[in-house]
Amino acid sequence: MIKLVSDTIDKNDINHLIEWLSQDEIPKLTKGELTVQLEKKWADKIGTKYSVFVNSGSSSILLTLAALKFTNRLKNNKVIVPSLSWATDLSSPILLGLEPILCDCNLNDLSCDLEHLEEIFKTESPSVLILVSVLGLVPDMKRILELCDKYNVLLLEDVCESMGSKYRGEYLGTFGLASFFSMYFGHHLSTIEGGFINTNDKDLYNSLLMMRSHGWSRDLSPEDQNFYNTKYNTDSFSSLYNFYLPGMNLRSTDLQAFIGLRAIDKLDDYSQKRNINFTHYLKNVNNTELNLIINEEDFVSNFAMPIVNKNRDQIVKDLINANIEVRPLIAGNLGNKPMWYENYGKVNLPNSDIVDKFGFYLPNHQDLTESEILKITNIINRNI
């Protein structure tokens, strides 16, 4: 079996975890000091001031939108979601009572079609763009930032599939107001379950810390805790159970933070291997209708290799028969899912429809070999 993903938590990690758990004094397993260390290490690695560790990449989207909503930072309820993205990019604004607007994809890097995006900016004047970097591919960040600035739209980067990718030498996830990363088993790095929110905005950071943990202020700095105590005339004892924002429990644990502290050290190596594999795919696949444009100044930490082919059904059948895992090209067109059309009706998104009907993606991970890539690409190419 050639699998889509490979374990990023190895035997050495498990042995270190066992050793940590076997101390005479049982370590704290719920959120504690290791979580704080992990957040600082990840913020430093990516290049932002702050990072918040939560229980999943999906929770990072939900929490950030909730923080923006309940601190009155949205000019209206409109949120642009790429039609080629993951379910929780769309379900998060829906669950929060916001108004999602789907944007078509392009067929060069699979992120937002910039002409369609600007049209939505002009006609709808949305508050937020959730920009998804698809499968590690790098969007045109310069143009996207220009559009967001021109139309006063907050940029949130979903980098869950693109950890380690860089635009002009800077990590994706450092360009918007906030960014989302996943530490789920199948992604670039893993803490079993988990996710990060990165930001340079201190007010948003404090709101995230409070709303991650019920809405209380315990995770804030002493100075910021004192600010809320003074503002709301709360003594230190009462503040333990005072709730300043509507919160949830989206915390992760120190057990996962222990794994994460080791995982971050693997990012450069794993990203490089994924990039090499991606290069092999580009060199050997000659049967895809995508016109992937890869800028030499960018770095692609590819999550999986995207293919669009009108003979998809036969190719997928041949891959499965050869014991090669294959999946639809993430969610295809979210506009074609019942969660959308049952509530909002049909929408015309031609590029996403092409991906939905003919797209699929192929394995890439740090343990994939060049010979396995050749086996995969030979199957695709023989179906010309």
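I need the peptides 310-321, 21-32, 98-109 ranked by packing, meaning the mean over residues of other C-beta atoms within 10 angstrom, with the highest value on top.
Values: 310-321: 14.5, 21-32: 10.9, 98-109: 21.7.
Sorting 310-321, 21-32, 98-109 by mean packing, highest first, produces 98-109, 310-321, 21-32.
Packing-wise, with mean Cβ within 10 Å as the measure, how do 276-286, 77-87, 253-263 rank, highest first? Write down the numbers at each step before the final one.
On the way: 276-286: 17.2, 77-87: 24.2, 253-263: 21.8.
Order by mean packing, descending: 77-87, 253-263, 276-286.
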State the Cα centre-to-centre distance between region 155-207 and region 261-322 in whole Å. 20 Å
Once amide hydrogens are built 1.01 Å from N within the peptide plane, the residues lying 5 or more places from D158 or on another chain with amide H under 5 Å from its amide H are L131, V132, S133, F180
If amide hydrogens are placed 1.01 Å from N in the peptide plane, which non-local residues have theirs closer than 5 Å to the one on D113? D104, C105, N106
If you roll a 1.4 angstrom probe over the protein chains with everything in place, what fraction of the accessible area of the chain belongs to carbon and sulfur, to the nearest %? 49 percent
Which residues qualify? For I2, with a placed amide H closer than 5 Å and at least 5 residues away or on another chain, they are I324, E325
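Only bridges with both residues in region 42-200 count here: give the DSSP antiparallel percent, nearest 5.
On the way: 13 of 28 bridges.
Looking only at bridges with both residues in region 42-200, the antiparallel portion is about 45 percent.
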Filter K122/K273; K122/K142; K122/K346; K49/K357; K283/K310; K41/K283 down to the pairs with a C-alpha to C-alpha distance above 30 Å, please. K122/K273; K49/K357; K41/K283
For region 9-150, the charge dipole (Cβ of Lys, Arg +1; Cβ of Asp, Glu -1; about the Cα centre) points to a positive end, and the Cα of P126, F70, S92 closest to that extreme belongs to F70
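Using a Förster radius of 56 Å, what is the FRET efficiency between E115 and S221 based on their Cβ-Cβ separation? Nearest 0.05, please. List each step's numbers first, then the result.
Numbers: r = 44 Å, r/R0 = 0.79.
Once the sixth-power term is evaluated, E becomes 0.80.
The values are calculated or read from the model by the stated rules, or taken from the named source; none is laboratory data. On a predicted model such as this, the values are computed, not experimentally measured, just so you know. Note that each Cβ is placed from the backbone with ideal geometry, even for glycine, and that neighbours are counted across all protein chains shown. When the accessible area is computed, the model is the full protein with side chains, heavy atoms only, and any ligands, DNA or RNA have been set aside. Shrake-Rupley method; radii C 1.70, N 1.55, O 1.52, S 1.80 Å.
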